[in-house]
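Colleague: Just dropping this structure here.
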Amino acid sequence: MAYVAISMMVPISGQEAEVEKINKELMDYAKSLEGCLSAHALKASDSSGYVCRVSEWESADHANKGVTTMHAMALRSELHLKIQPGHMDKGFVEM
């Protein structure tokens with residue numbers, strides 16, 4: 001069953017370019033992993049400042065293996081220092 005992971009965040013002022021760069025790197029890395037069907041780094045089309053990552057995986061197990069690699073955890077740790085509190089990470093399965 002397909003699994004979709006969505007992460008939404010707002011960069012700290014002045015960190016927008018770095019947050020976009022890290023999110024793109026995370027999604028490029030995800031695309032190289034087994035079970036990743038697609039991965040996108042996106043930004044809001046309005047002035048809210050939100051950026052997000054959306055990735056589709058063959059299963060939740062594939063997604064969980066991807067986010068727990070040392071490389072992904074290091075990038076995510078770096079990212080957390082550059083975003084405002086209250087970001088959202090959610091996983092979804094098909095109905």
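Where a number appears in this text, it was derived from the coordinates with a stated rule and is not lab data. Not measured: the values here are computed from a predicted model. For neighbour counting, all protein chains shown are included, and Cβ atoms are generated from backbone atoms with ideal geometry for every residue, glycine included.
Colleague: Out of all the residues in segment 1-34, which are assigned to a loop (DSSP other than H, G, I, E, B) and out of contact with any strand residue (DSSP E or B) (no Cβ under 7 Å at 6 or more places or on another chain)?
Modeller: Restricting attention to segment 1-34, the residues satisfying the condition of being assigned to a loop (DSSP other than H, G, I, E, B) are 1-2, 10, 12-15, 32-34.
Selection gives 13, 14, 15, 32, 33, 34.
Colleague: Shifting gears a bit: Tell me yes or no: at least one residue of segment 52-69 is more than 14 Å from residue 33 (Cβ to Cβ), outside any loop (DSSP other than H, G, I, E, B) and touching a His at 6+ places or on another chain (Cβ under 6 Å).
Modeller: Yes - at least one qualifying residue is present in segment 52-69.
Colleague: Scan segment 71-83 and tell me whether some residue there is closer than 26 Å to residue 2 by Cα and among the hydroxyl-bearing types (Ser, Thr, Tyr).
Modeller: Looking for residues that are closer than 26 Å to residue 2 by Cα and among the hydroxyl-bearing types (Ser, Thr, Tyr), one finds none in segment 71-83, hence no.
Colleague: Output the residues belonging to segment 1-19 that are closer than 17 Å to residue 80 by Cβ and not small (Gly, Ala, Ser).
Modeller: Across segment 1-19, the qualifying residues are 6, 8, 9, 10, 11, 12, 15, 16, 18, 19.
Colleague: Conditions first: (1) in contact (Cβ under 8 Å) with a residue 40 or more places away in the chain; (2) part of a strand (DSSP E or B). Residue 37 passes all but one, so which condition is the exception?
Modeller: Checking residue 37 against (1) in contact (Cβ under 8 Å) with a residue 40 or more places away in the chain; (2) part of a strand (DSSP E or B), the one that fails is (1).
Colleague: Restricting attention to segment 45-67, report how many residues are without any contact (Cβ under 8 Å) to a residue 40 or more places away in the chain, surrounded by fewer than 15 Cβ atoms within 10 Å (Cβ to Cβ) and either of a type in the set (Asp, Glu) or over 18 Å from residue 87 (Cβ atoms) (or both).
Modeller: Number satisfying all stated conditions: 5.
Colleague: For residue 91, are the conditions met, namely being in a loop (DSSP other than H, G, I, E, B) and surrounded by fewer than 16 Cβ atoms within 10 Å (Cβ to Cβ)? It would help to see each step written out before you state the result.
Modeller: Working: in a loop (DSSP other than H, G, I, E, B): no; surrounded by fewer than 16 Cβ atoms within 10 Å (Cβ to Cβ): yes.
In short, no.
Colleague: For segment 68-88, name all the residues that are among the aliphatic types (A, V, I, L, M), surrounded by 12 or more Cβ atoms within 10 Å (Cβ to Cβ) and touching a residue at least 60 places away in the same chain (Cβ under 8 Å).
Modeller: Filtering segment 68-88 down to residues among the aliphatic types (A, V, I, L, M) leaves 70, 72-75, 79, 81, 83, 88.
Those still in the list that are surrounded by 12 or more Cβ atoms within 10 Å (Cβ to Cβ) too: 72, 75, 79, 83.
If the condition is that a residue be among the aliphatic types (A, V, I, L, M), surrounded by 12 or more Cβ atoms within 10 Å (Cβ to Cβ) and touching a residue at least 60 places away in the same chain (Cβ under 8 Å), then 79, 83 are the ones that fit.
Colleague: Can you tell me which residue in segment 5-20 is farthest from residue 64 (Cα to Cα), limited to those that are in contact (Cβ under 8 Å) with a residue 60 or more places away in the chain and not aliphatic (A, V, I, L, M)?
Modeller: Step one: list which residues in segment 5-20 are in contact (Cβ under 8 Å) with a residue 60 or more places away in the chain, which gives 5-12, 15, 18-19.
Adding the requirement that they be not aliphatic (A, V, I, L, M) leaves 7, 11, 15, 18.
Values: 7: 14, 11: 24, 15: 27, 18: 25 Å.
My answer is 15.
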